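Take a look at the structure set out below.
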């Protein structure tokens, strides 16, 4: 399982696990898109690459996921495959997907923002927890 939904009153809260933090970040990105559309229907037709920075792991995760919201909103992309590398205070990512097609991908939630509220990164487990503001 890439991620699990956690109980939250108004928004969507997820916990993503992986073999390492890079896997956790990738699974959190998958969870983000899976809350917006049916991510299982996303085909890897195009690739995007980006890099974000942060002053700690939480800000790195926040900036990483926020970049995906930008790509979704501004470029109408939905992404379902992620290669993530963490180098110092940077997250480097290659992601594959395609342009949004509501008839193909469906519509689930409109995610407005990533929140810092209850955002956590646990390198020991490893896992990340994040709330998507819907």
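Read-outs throughout are calculated quantities, based only on the coordinates presented, and are distinct from any laboratory measurement. Computed from a predicted model, the values in this text were never measured in an experiment. All Cβ positions, even for glycine, are placed from backbone atoms using ideal geometry, and neighbour counts span all protein chains on display.
Assorted remarks:
- The set of residues in the range 102-124 that are surrounded by 14 or more Cβ atoms within 10 Å (Cβ to Cβ) and out of contact with any helix residue (DSSP H, G or I) (no Cβ under 8 Å at 6 or more places or on another chain) comprises 115, 122.
- Test: residue 116 is more than 16 Å from residue 22 (Cα to Cα) and outside any strand (DSSP E or B): no
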